[in-house]
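Each remark here refers to the structure printed beneath this line.
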Amino acid sequence: MLTLKKELPFTEQEILDFLENTRTPFYVYDEAGIRNRIKKLKEAFSWANFKEYFAVKATPNPFILQITKEEGCGVDCSSMAELVLAQKAGFKNEDILFTSNDTPLSEYEKALSLNAVLNLDDIGHINILKERLYLPELVSIRYNPGGDFGNEIIGNLEESKFGVPKSDLIKGYKLLQKHGVKKFGLHAMLVSNELNPRNIIMVAKFLFNTAFEIKKELGIDLDFIDLGGGFGIPYKPDEEELDIYYISQEIKKLYEEILINNGLNPPKIYMEHGRYISGPNGYLVTKVFHIKDSFKKYVGIDANSANLLRPAMYKAYHHITVLNKKFEDENETYDVVGSLCENNDKLAVDRALPKLESGDILVFHDVGAHGHSMGFNYNGKLRSAEYLFTSDRKFKMIRRAETIDDYFSTLNF
Ligand SMILES: *Cc1c(COP(=O)(O)O)cnc(C)c1O
């Protein structure tokens, strides 16, 4: 059977040499790949006053954040820990967007101390900020228009806990104006892992029209419009990359038609992709322990869903390359499983692979975003190390593996 392949950033020899002295499982990120994705995104949107705010939750490692910083990104944070990470990586002021929800006061306090841009998930937060802390000069509101933008993951927005409906959006800007806020942002995240350009363009058109309505109703020229994250990546080898140059040109036409031709001050365009930047540039390297021949054929590996949750949580597909067997026929069908005491602990189901044996190395593709970061400790499983495959082709540890002492460190016994 001929199946499509996915490429690795390192040669088989490079990774096999590294594996001689390195314990599996581990994550490895491709520095050059991350830099290239950011460069491409910035180039595509260079017609606008554009900024990408890397979604920290996708890959919350300061070395990765540092790379995005060097490439001119800001960061999008949603929690105390993410704010601290952003701070440690050297971000401040308008380079930090704080897109939180159900936010504790202590996190607003931290965000304000970094002079970050607050992106409010509810207008109820306006009075809390006014009374307990203060309102900065620039504030953004997260909009949830309801309805459905054709995205499978987000679906019906009336079931979404995020953002405020139209009436609250208008009320919110009015209240902010009353309290002396001078500059305003509009934010929405209406698609996720979206591979259909039409849906992405539709979101931009919708938000530009909303900006025009805000101008008509309140006289406000928005400082920025944040189109959210959510550009998809081709997880399956037969899926196609988004043509972001095409998307950008279509969005440019709408920007001119709806905003410029109606006399609005040109707002900045922000995005906050995680997956699009780091997703294709992360790999999970694992080793086969056992092959089990039962009702189905099972490949037991040294990683499990605590290392990579997406397959169990979303039935997500992650392509697998078997080192040293790239050119062998994939005429076995396996479930690739971990050792959790949960039957959904399967990192691949009914997957065509070459005949495997104990000791084979399986590399999972496209795990750079929402991979390691979604890890957990169920069954006492430990979080793996993270490495950077640097632009000069070296493997550099950027997070050590958890030890059993780390795991027990919060217990008194
Ligand atoms: C998770 C998230 C993102 C990033 O999503 P990707 O799919 O990684 O692009 C951006 N913005 C918000 C508000 C999010 O919650």
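Taking the three principal axes of the alpha carbon atoms in region 85-143, the coordinate ranges are 31, 24, 21 Å, sorted in descending order. Compactness check for the chain: Cα Rg over 2.2 N^0.38 Å is 1.05. Across every pair of non-identical alpha carbons in region 31-275, the mean reciprocal distance, once inverted, gives a Kirkwood radius of 18.2 Å. The distance between label points at ASP350 and ASN265 comes to 5.7 nm (points 7 Å beyond Cα on the Cα→Cβ vector). Using a probe radius of 1.4 angstrom, the carbon and sulfur fraction of the accessible surface of the chain is 48%.
First measure r as the distance between the Cβ atoms of THR333 and LEU16, then evaluate 1/(1 + (r/R0)^6) with R0 = 22 Å and state the FRET efficiency to the nearest 0.05. The partial results should precede the final answer.
Values: r = 26 Å, r/R0 = 1.20.
Once the sixth-power term is evaluated, E becomes 0.25.
Computed across region 270-362, the Kirkwood radius stands at 14.0 Å (inverse of mean 1/r, all Cα pairs).
Taking every C-alpha pair closer than 8 Å and separated by at least 6 residues, the mean separation divided by the residue count of the chain gives a relative contact order of 19 percent.
Using heavy atoms of the protein chains and a probe of 1.4 Å, the accessible area assigned to THR333 is about 80 Å².
Relative to the longest principal axis of the Cα atoms of the chain, the long axis of helix 31-44 lies at roughly 30 degrees. Each listed q (0.23, 0.34 Å⁻¹) maps to a log10 I(q)/I(0) for region 327-370, found by the Debye formula over equal Cα scatterers with no solvent: -0.99, -1.23.
A viscosity of 1.567 mPa s and a temperature of 4 °C, combined with the Kirkwood radius over C-alpha pairs in the Stokes-Einstein formula, give region 143-234 a diffusion coefficient of 93 µm²/s. Put a dot 7 Å past the Cα of ARG132, heading toward its Cβ, do the same for ARG393, and the two dots end up 5.4 nm apart.
What's the extension gain from GLU240 to PHE376 if we count 0.36 nm per residue and subtract their Cα-Cα distance?
Result for the pair: 45.8 nm of gain on full extension.
What the Cα convex hull of region 1-140 gives, in volume per residue, is 182 Å³.
Treating each Cα of region 327-413 as an identical point scatterer and summing with the Debye formula, the log10 of I(q)/I(0) at q = 0.23 Å⁻¹ comes to -1.29. Could you work out how much longer the chain between LEU175 and LEU218 gets when fully extended? Use 0.36 nm per residue separation minus the Cα distance between them, nm to one decimal. Working it through step by step, the gained length comes to 14.4 nm. A Förster distance of 51 Å, applied to the separation of the beta-carbon atoms of ILE404 and LYS5, puts the FRET efficiency at 0.85. Taking a point 7 Å out from the Cα of GLU94 in the direction of its Cβ, the residues of region 122-140 whose backbone N falls within less than 20 Å of it are 135-140. Among the protein heavy atoms, those of MET374 account for about 50 Å² of accessible surface (1.4 Å probe, every chain in place).
Over region 31-275, give the accessible area per residue in Å² for a 1.4 Å probe, as an integer.
Result: 42 Å² of accessible area for each residue.
Relative to the current alpha-carbon distance between LYS326 and ASN209, full extension at 0.36 nm per residue lengthens the span by 37.1 nm. What is the distance, in nm, between label points placed 7 Å from the Cα along the Cα-to-Cβ direction at ARG23 and at GLU158? Between ARG23 and GLU158, the simple spin-label model gives 5.3 nm.
The values are calculated or read from the model by the stated rules, or taken from the named source; none is laboratory data. Bear in mind that the values here come from a model prediction, so they are computed numbers and not experimental data. We place every Cβ from the backbone using ideal geometry, glycine too, and count neighbours over all the protein chains shown. What goes into the accessible areas is simple: the full protein's heavy atoms, side chains included, and nothing from ligands, DNA or RNA. Shrake-Rupley method; radii C 1.70, N 1.55, O 1.52, S 1.80 Å.
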